[in-house]
Amino acid sequence: MNPTNPLRDYEEKKLGIFHLKTTLLAGAGQIVDGYDLTAAALVLSLVEASFTGYNLAEVSLILFLSITLGNLVGGLVFGYLVKHGRKRFYGIDATLMTLGALLQAFVQDPYQLAILRFLLGVGIGADYVLSPLINAEYANRKDRGKLLALSGGFMWNVGALVSVVVTLAVSQAVPQDMLWRIVLASGAIPAIAVIYGRRKFPETPQYLAFVKGDAKELEEKYNVSASNFSLGKVAIKAFLPTLILASVTWYLFDVSAYSGVFFGPSVIAKDLGINGLLFELIILGGFAVPWNLVSAGLNDRLGRRALQAIGFAGMGTFTLLFALLFGKTQALESLLLYGLSTVFSQLGPGTVVGFWGVELFPAEIRGITQGVTVMSGRLGVLTTTFLFPLIISSYGIVTTMMILAGLSFVAVFATLLLPEPNQVSLAERELQLRGLPNLEEK
């Protein structure tokens, strides 16, 4: 007997209010991450001034290493836990983010700040797993790409942009030693706003059908009738080649992307003779956020693989041009080249790279595969945190940018080897991957 998709009617529903609500709730966590990492880069020198005896490099490690290690822990732990239920943990991540962000306003020494940023990082890492996974499992087939794009890369850059606006606004109203505390603590606001809402949503239909095998709850919550669940075993080793490719693309993207997040407002903006806050405002408002929206509009038309490959190719090309022409052009022209690299970044991998761990794997291991890809991205952040300051100081910004361009071109080839999930039903892919011969509709 050929397997029948019990979620066909659900996945074929038109885009509705439920989809938009789940997308907004999912995106709130990304706003926190984008806000906090960008804000930390903006107030780095102010934090240094507050703690005597610590230089800029040490404060940078306190701010960024602690949160990145937390991301690693949160991604892996919650990636494993979600096999016991998506809803059960959706809200815990937001609570961790709230506590970690809010309490930064009251720290007395760098060690307390590191502990709180680690806690914040655990919550963000958990959200990197939970939000796209849950949003994809709630989504309809035709609009899944745009929903994931809006809740992911778009919301991340909105959070980053808001951090610049908040820093600019608050900087004129409070003393400098209070500014960084208020700016960092404000990252708790979007997390607080969604804790209750996340706990109210039902368990996802994909989980009920293919992990829990609960036909009764599936019918009660989603009016989907199915019976005779025979859940096949999933061996993750069968999916390792795809998982490795997906992980490599996220790693390579984060190496490039976070070099801009961490060093754009200070190193690159300084070399261009532009104020760091103004630099971030231009890059995010003029280049990043608009092209996240363009990517959201194209995801369900052109597909993930094409957009990501085009994005990496554009990143590599314009980053290379930026390096070759650096110091030979006016600041405005250099800024435009850097901005065009950002355009392709957000058209492609900045929006798409977090989809692969969710869309290409069965529901039973979807948390683990997403957790592994998240971990790979965080390892890219660690590479940027430790290695690129040394490369910049030893070889200069031109060599650094040429290395980043080369990594982008490598990522194009890795992307082209990935399967295309666009317009593919998650439930039908599930049946194919797991071989469920006894799943049938009533």
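The values are calculated or read from the model by the stated rules, or taken from the named source; none is laboratory data. Note that the coordinates shown come from a computational prediction; the quantities given were computed from them, not determined experimentally. Backbone-built Cβ (ideal geometry, glycine too); neighbour counts: all protein chains shown. Just so you know, the surface numbers come from the protein's heavy atoms only, side chains and all, with ligands and any DNA or RNA stripped out. Shrake-Rupley method; radii C 1.70, N 1.55, O 1.52, S 1.80 Å.
Data for the structure
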{"quantity": "Of Lys21/Lys87; Lys13/Lys237; Lys83/Lys237; Lys83/Lys216, those spanning more than 23 Å from alpha-carbon to alpha-carbon", "calculated": "Lys13/Lys237"}
{"quantity": "Where Rh is the Kirkwood radius over Cα pairs, Rg/Rh for the stretch 238-360", "calculated": "1.01"}
{"quantity": "GNM top mover of Asp177, Asp300, Asp127 - the chain, alpha-carbon springs below 10 Å", "calculated": "Asp177"}
{"quantity": "Within the accessible area of the chain (1.4 Å probe), percent carbon and sulfur", "calculated": "66"}
{"quantity": "Helix 66-81 axis, angle to the chain major axis (alpha carbon atoms, nearest 10°)", "calculated": "0"}
{"quantity": "Cα gyration tensor shape for the stretch 32-95, rounded if a/c is under 1.5, else prolate or oblate", "calculated": "prolate"}
{"quantity": "The stretch 296-366 shape via C-alpha gyration tensor axes, a/c threshold 1.5", "calculated": "prolate"}
{"quantity": "Around Gly125: net Lys/Arg minus Asp/Glu count, Cβ-Cβ under 15 Å", "calculated": "-3"}
{"quantity": "Alpha carbon centroid spacing (whole Å) that separates the stretch 57-121 from the stretch 139-214", "calculated": "14"}
{"quantity": "With DNA, RNA and ligands ignored, accessible area of Ser334 (1.4 Å probe; Å², nearest 10)", "calculated": "10"}
{"quantity": "Label-zone membership for the stretch 18-47, site Lys221, 7 angstrom Cα→C-beta point, backbone N under 15 Å", "calculated": "19, 22"}
{"quantity": "The chain - accessible surface per residue (Å², probe 1.4 Å)", "calculated": "38"}
{"quantity": "Residue-count net charge about Gly367 - beta-carbon cut-off 15 Å; Lys, Arg +1, Asp, Glu -1", "calculated": "-1"}
{"quantity": "Solvent accessible area, Å² - Trp291, 1.4 Å probe, full protein context", "calculated": "90"}
{"quantity": "Residue-averaged [θ]222 nm for the chain, counting only DSSP H segments that reach four residues, each worth -39500 (n - 2.57)", "calculated": "-22500 deg cm²/dmol"}
{"quantity": "FRET efficiency for Ala193 and Val398, using Cβ-Cβ distance with R0 set to 60 Å, rounded to 0.05", "calculated": "0.90"}
